[in-house]
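Trainee: Below is one structure. I have some questions about it.
What follows draws every value from the coordinates through simple rules; no lab data is involved. Quantities reported herein were computed from a predicted structural model and do not represent experimental measurements. Heads up, the Cβs are rebuilt from the backbone with ideal geometry, glycines too, and the neighbour counts pull from every protein chain shown.
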Amino acid sequence: MKDKTLLQALILGVGQVAAKILSLVFLFRFANDLGKDTMSLYAYAYVPFSLFADLACFGLIPGTSKIVSKLLGNKEEEKVNYLLKKGTIYCLFAGIVFFLFMLFFSRQILSVSLFDGYTEETFQVVRTNMLMASISLFILPIMHFYKGFLQGHLIMYPSCIAIILENLVKLILYIALAKYIVDTHIIYLVFLIYFLGYMISFLLLLYFVFPYYRKSKKKFGSISILLKTCIPFGIATMFFTIYQFIDSVSLPILLPTEGYYTAYMFETIRLIFFPIVIAQALGGALNPKMNYMFKEDRIEEAKTIADRCSSLIIYILIPFMILMRYFSNDIYNLFYKQENGATILYHISILIIFFGLYKVLIGISLGLPKAHYIIIATIISALAKYILNYVFIPHFGYQGAIYATILAVSICIVVAYFVLHKEGICIFVKNVKAILLSFLATSVSIFLAVLIRICFLLKHYPTYYSIILYSIFIVGIYYIFIKIIKQTYKLCIR
């Protein structure tokens, strides 16, 4: 069971990491083609769109996955097929409602997040971009529903293929149309490219889901159960979107520098989410598993999986975080060109461990009976984030937003450990040991890699190759060091 859970996480993780690489290549081309000023018009449209996209898809993947896995565990496959029928109708309705909301309240939405002193012409450009982006709301909810439906059956590879295909199509279409977009500065065409990428992904998911429509069905209160399950998941899993929305409102007021806004809200966040998607995939695979095992009263097995997976993600994320801080200037400048971006990436990369650990803990704890504490903690953390932004940003600038995020997400992490402890899954001490060991191993690895770099004069290589070679050295030494310490520990306790 442990290996199967990790395999499912690996499948999702491979898809999400590959998609993230394709997305970064796309954004690299896009940002360099358009330049800072035009890119900001994209960012101001994308942030509210992403918020409403998350609201339209509110908890659909983990919520649907949990319901399906629970019904299948109870041998109620006919109800699962009925859920598919009714859930599809609900998702279509949700997409239409949120599209109309963005259409009719676009001025009010943008007036909250746009920088002070914008002109009417700038507003109309951003509004057009946002409305073009909102067309994707017609299919995004049903895509998330299909992914949750398949993941509830422990079928992960369609989601993996779909997200890769979606980003590959966007990249290819942009390359084909880049010259026309850049020459005319018609940014809304990029959002139409997004829509076409989503459509291809939707058709692929439909191919895998369609056979279930033909199977026998049994009526039950599917929509009420879907909402009851998805809303708590939506609140808990939207913590990043909530934080980003709070930053989008407070940063233009407290830090009215356009370059900082784009670099912080859009560029550097994209870069640090490259390793975080690994934790997101692991949390997504853990959710239905933990729910199923608690239903079967397999507490010890659930504890073993929670311990193994939470420690594993710590060993993965900490070296990623330190590498991004060490190479912040080189990594940022590979993709973007703003003067302050590398410094922001250096500071914001610390969020990798906080977001990553929470995504795994949320995947474990939301499958447990006392998950309502997580919902309460998320609401409290959102309020804390809002208040702390206004306390910290005037004194520390964009770093204040980072400090506020660390404190706010720490509330959720502490509560997640509390929920796990109440259910007999005590992994806090082991996770602390994993953090200390990982920091020690990373420090030793960097020190030894620096010696290798000096001896072989790797600094004379081009930046791109230097980063790759140096990172390989660090990761290789890190892996060997971790293995030696673990093996030594096993020998000592025998």
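Trainee: What percent of all Cα-Cα pairs in the range 400-443 falls in each 5 Å bin, counting up from 0?
Mentor: Distribution as computed: 5, 20, 16, 18, 22, 15, 4, 0 percent.
Trainee: Along the range 439-449, what does the Karplus equation 6.51 cos²θ - 1.76 cosθ + 1.60 (θ = phi - 60°) give for ³J(HN,Hα), rounded to whole Hz, x for Gly and Pro?
Mentor: Each residue of the range 439-449 in turn: 4, 4, 5, 5, 4, 5, 5, 5, 4, 5, 5 Hz.
Trainee: Return the sequence-ordered ³J(HN,Hα) values of the range 315-331 in whole Hz as given by the Karplus equation 6.51 cos²θ - 1.76 cosθ + 1.60 applied to θ = phi - 60°, using x for Gly and Pro.
Mentor: 5, 7, 6, 4, x, 4, 4, 5, 4, 5, 6, 5, 9, 4, 5, 5, 5
Trainee: Ranked highest first by average number of other Cβ atoms within 10 Å, how do 129-142, 401-414 line up? Please report the intermediate quantities before stating the final value.
Mentor: Numbers: 129-142: 22.6, 401-414: 20.5.
Per-residue mean Cβ counts within 10 Å order the peptides as 129-142, 401-414.
Trainee: Return the sequence-ordered ³J(HN,Hα) values of the range 265-278 in whole Hz as given by the Karplus equation 6.51 cos²θ - 1.76 cosθ + 1.60 applied to θ = phi - 60°, using x for Gly and Pro.
Mentor: For the range 265-278, the Karplus curve yields 6, 10, 6, 5, 4, 4, 5, 6, 7, 4, x, 5, 5, 5 Hz.
Trainee: Here is a further query. Please tell me the relative contact order of the range 47-166 in percent, rounded to the nearest whole number, where contacts are Cα pairs under 8 Å and at least six residues apart.
Mentor: Numbers: 93 pairs, mean separation 59.0, N = 120.
This gives 49 percent for the range 47-166.
Trainee: How high is the relative contact order of the range 373-460, given as a whole-number percent (alpha carbon pairs under 8 Å, six or more residues apart)? All intermediate terms of the calculation are to be shown ahead of the outcome.
Mentor: Numbers: 43 pairs, mean separation 20.8, N = 88.
24 percent.
Trainee: Related question: Could you tell me what % of all Cα pairs in the range 314-408 have separations over 20 Å? The partial results should precede the final answer.
Mentor: Values: 2246 of 4465 pairs.
Beyond 20 Å sits 50 percent of the P(r) for the range 314-408.
Trainee: Longer than 25 Å from Cα to Cα, which of 215/303; 147/215; 70/228; 86/215; 79/422; 217/303 are they? Say none if no pair is. Each step should come with its number before you reach the end.
Mentor: On the way: 215/303 36 Å; 147/215 19 Å; 70/228 14 Å; 86/215 14 Å; 79/422 32 Å; 217/303 35 Å.
Going by Cα-Cα distance, 215/303; 79/422; 217/303 fall outside the 25 Å limit.
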